[in-house]
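Bear in mind these aren't lab numbers, they're just calculated from the coordinates by the rules spelled out. Worth saying up front: this structure is predicted, and the values here are computed from it rather than measured. Backbone-built Cβ (ideal geometry, glycine too); neighbour counts: all protein chains shown.
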Amino acid sequence: MKSPIKVEIDGRKFENLDQFYDAVVEAFRLPDFFGRNLDAFDDVLRGGFGHLDYDEPFELVWIESVVSRQVLGYQETARHLSKMLATCHPSNVPSIKRRLENARRGVGPTLFDEILDIIRLHRHVTLALK
């Protein structure tokens with residue numbers, strides 16, 4: 001019987017969203033053209049990139065997830081949303097402004113929360129927060 005594949009993301013290896021993407025590239029053995037955004041991360045979880053086949057079951061072990069929750073918390077969420085605001089389609093401005101205001105007030109979902117939501121959408125992924 002084949003052992004389930006384990007992919008580890010180490011929360012000690014990044015201090016912001018950009019470095020999280022570096023950790024994802026390393027963990028999933030991705031090519032250089034990885035999109036470095038949450039939609040691309042969603043695609044990676046689906047499989048067919050790096051060393052995982054499409055919808056191949058695997059366990060995602062997030063080491064030091066408590067650290068990651070802080071690193072990808074409200075401050076980083078606000079930084080990320082500020083960058084998005086500068087480049088988004090005009091129809092998205094009101095929504096992003098609202099999310100940005102909430103992040104600055106420490107209210108609503110953080111990047112960490114969004115990433116967990118994306119992971120949990122994939123039924124073939126078992127998430128272990130360590």
Inset, instruction - Could you pull out every residue, at least 5 positions away or on a different chain, whose amide H is within less than 5 Å of the one on residue 126? Hs are placed 1.01 Å off N in the peptide plane, and Pro or chain starts have none. - result: 58, 59, 60
Legend entry - Loop-located trypsin sites (Lys or Arg not before Pro) in the range 1-94, at most 16 other Cβ atoms within 10 Å (DSSP): 2, 29, 36
Inset, instruction - Stick to the Cα atoms of the range 6-51, pair each with every other, and give me the Kirkwood hydrodynamic radius in Å at one decimal. - result: 10.7
Legend entry - Calculated SAXS-style log₁₀ I(q)/I(0) at q = 0.12, 0.13 Å⁻¹ - the chain, Debye, Cα scatterers: -0.48, -0.56
Inset, instruction - Figure the gain on full extension for residue 13 and residue 54 (residue separation times 0.36 nm, minus the Cα-Cα span) and round it to one decimal in nm. - result: 12.1 nm
Legend entry - Value at 222 nm in deg cm²/dmol, rounded to 500, when DSSP H runs of n ≥ 4 in the chain each add -39,500 (n - 2.57): -15000 deg cm²/dmol
Inset, instruction - Keeping to pairs on different chains or 8 or more places apart, tell me how many lysine pairs in the chain have Cα atoms under 28 Å apart. - result: 5
Inset, instruction - Could you list the chymotrypsin sites (Phe, Trp or Tyr not before Pro) in the range 24-130 that lie in coil according to DSSP, counting only those with at most 15 other Cβ atoms within 10 Å of their Cβ? - result: 33, 54
Inset, instruction - Distance between Cα centroids, the range 57-97 to the range 8-51: provide it in whole Å. - result: 14
Legend entry - At least 24 Å along the helix axis (C-alpha) and Kyte average at least 0.0, DSSP helices within the chain: none
Inset, instruction - Would you be so kind as to identify which of 118, 47, 89 lies farthest towards the positive end of the dipole of the chain, taking Lys and Arg as +1 and Asp and Glu as -1 on Cβ and the Cα centre as origin? - result: 89
